[in-house]
There are 2 protein chains.
Amino acid sequence: MAAPSGADGVPGPDAGWLRAMADEVRAFDRSSTAERVADLLRRRVIEGDLPPGRRLSEEQLVDVLHVSRNTLREAFRLLTHEGLLVHRLHRGVFVPELDEEELVDLYRLRRTIECDVVRRLGRLDPVRLRPLHDDVAAAEDAARRGDWGAVGTANMRFHQHLVALAGSRRIDETAARLLAEVRLAFSAVGSPQRLHEPYVRRNRALLELLVDGESERAAKELEDYLQDSEAELLAALRDRAGERSGDRPRRTP
Amino acid sequence: MAAPSGADGVPGPDAGWLRAMADEVRAFDRSSTAERVADLLRRRVIEGDLPPGRRLSEEQLVDVLHVSRNTLREAFRLLTHEGLLVHRLHRGVFVPELDEEELVDLYRLRRTIECDVVRRLGRLDPVRLRPLHDDVAAAEDAARRGDWGAVGTANMRFHQHLVALAGSRRIDETAARLLAEVRLAFSAVGSPQRLHEPYVRRNRALLELLVDGESERAAKELEDYLQDSEAELLAALRDRAGERSGDRPRRTP
DNA sequence: CTTGTCGGATTGTTCAACAACTGTCTAGGT
DNA sequence: ACCTAGACAGTTGTTGAACAATCCGACAAG
């Protein structure tokens, strides 16, 4: 039903044709207005244009986007479900501020999913690893150019393609949510180079372990990888919190 | 921010009081008509009152529930995101019919999360296992009474409390969604006794492994457990599908 | 048996208005 | 100077109605 497979009838030679076409149609008429608005806002939030803690006014956005309030609210709901906005009753929607506790929680589930996916992989057809190769190559290229934003994007796509190897819709969706939230944390931190550069190399190392079918070792490596990433992000977050409370003098000295 | 913990201030002796009260208030003022409607429908769907494949008419529900169409649609969105309803453009919302592929996908993520949570547990304070004890006891009690619906409910709560041991909000929420979908699959299958009875004993066995701190063995046991559960559900689903296509004669014999 | 067309029914989207709630500010008391 | 109660303005929650777009079955023509 909800599965986009065209596997209803004959699995004849037309299957590829039909399925590709069906997917295209689906992508085209995807219910539009609300989702288009959601796409727009999603980009803004992930890109960091909207700072964490900021409230998104319905009235204001309705004027700018020329959509009805109900439609806008539907877009809000989509993004809220993705974790990119938080909704507080009678107060509106806000760009979430990930505190340390939230970040730990986020990485907890991320480790669970990604490591488990990798551990269960075993040896697999090299063709399926192609998207991962492309992502690593893109990251290396962007790193050479010094475009750390692009490096971050490529790294995120690497992880998305990594979990996609499990071939599970629900895992893909859950991972997508988590990775979007991770990017949110990224955007709240300065110095993107220090944040992304080390993981270009580690992604390649991870990929090579997968090519060799060393899924168990790959899972172990990924575990450390994510541990380090979390620690670094946590440190950056703590620094920022320190600055914030530091530059404003105490009320009663 | 979004975390509903009341652990902001002093962890003094009042913590229990305050937290309980805060939870109660929160449960009360989460009114938001849409959420109340969603709660109502959620129960109906999980309980199996609404058969899979059934369409929920907006007009009809608006009349019965005395809410506006927009509000009802908001409730639909909430449940759609939980996987308890599917939305087909210009056709309405339906109670999903889980086919075999979907069920496999569902259990794939369920295994990933539950097993990983258990594997990482290690030895832990017996107090934290108390909810699990209660759930197993409730299931055994209901089984003695022959109330297999209650057995199913207790088993589901056992798993919810199991993953709660990880102490992660995101894991709790994801598991809740998955378990709701599992119940959906249950309701689509007859003979609840055969479906639930074996797992009462297996839940107790699992719990005892946890009491002994044998988290690695517990994870392994849980893996088999879920494998069996999936297989049984798949078989039941296949049977039902067979009956359906069987009682209608072929068009061109 | 397939293809084209029509009409009823249902959903998608928008709008405007009112009710309910939140955070802030002020007035008054201690 | 500090605290509390109450009013105020601004925002969100909810409703009902309206119109456009789309689906579905039926019916007719090739």
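The values are calculated or read from the model by the stated rules, or taken from the named source; none is laboratory data. All figures in this text were calculated on a predicted structure; none of them were measured in a lab. Glycine gets a Cβ as well: all are built from the backbone with ideal geometry, and neighbour counts include every protein chain shown. These area figures cover heavy atoms from the full protein model, side chains too; ligands, DNA and RNA do not enter into them. Shrake-Rupley method; radii C 1.70, N 1.55, O 1.52, S 1.80 Å.
How many percent of the accessible area of the stretch A:166-239 is carbon or sulfur, using a 1.4 Å probe? Write out the running numbers ahead of the final one.
On the way: 1520 of 3250 Å².
Heavy-atom surface of the stretch A:166-239 belonging to carbon and sulfur, 1.4 Å probe: 47 percent.
For the stretch B:100-242, the residue among B:131, B:159, B:148 whose Cα projects farthest onto the positive side of the dipole built from Cβ charges is B:131. To the nearest 100 Å², how much accessible surface do chains B and A cover up together, summed over both, with a 1.4 Å probe? About 3500 Å² of accessible surface is lost on pairing. Taking label points 7 Å from Cα along the Cα-to-Cβ direction, residue B:120 and residue B:71 give a separation of 4.1 nm. Shape of the stretch A:33-94 from its Cα gyration tensor (a ≥ b ≥ c, root eigenvalues): rounded if a/c is under 1.5, otherwise prolate when a/b > b/c, or oblate? Rounded is the answer for the stretch A:33-94, as its axis ratio a/c remains below 1.5.
Between the beta carbons of residue A:99 and residue B:191, assuming R0 = 60 Å, the FRET efficiency works out to 0.80 to the nearest 0.05.
Phi angles of the stretch A:231-239 translate, via the Karplus equation with coefficients 6.51, -1.76, 1.60 and θ = phi - 60°, into HN-Hα couplings of 4, 5, 4, 4, 4, 4, 5, 5, 4 Hz per residue; Gly and Pro are given as x.
Rolling a 1.4 Å sphere over the protein heavy atoms, what is the accessible area per residue of the stretch A:100-239, to the nearest Å²? Don't jump to the answer; show the numbers that get you there.
Details: 6030 Å² over 140 residues.
For the stretch A:100-239, the solvent-accessible area averages 43 Å² per residue.
Here the Karplus relation 6.51 cos²θ - 1.76 cosθ + 1.60, evaluated at θ = phi - 60°, turns the backbone of the stretch B:206-220 into coupling constants of 4, 4, 5, 4, 5, 4, 7, x, 8, 5, 5, 5, 4, 4, 5 Hz, with x for every Gly and Pro.
Calculated accessible area for the stretch B:31-94 comes out at 57 Å² per residue, all protein chains present (probe 1.4 Å; ligands, DNA, RNA ignored). Of the residues making up the stretch B:108-130, those losing 40 Å² or more of accessible area when the isolated chain is joined by the remaining protein chains, with a 1.4 Å probe, are B:108, B:109, B:112, B:116, B:120.
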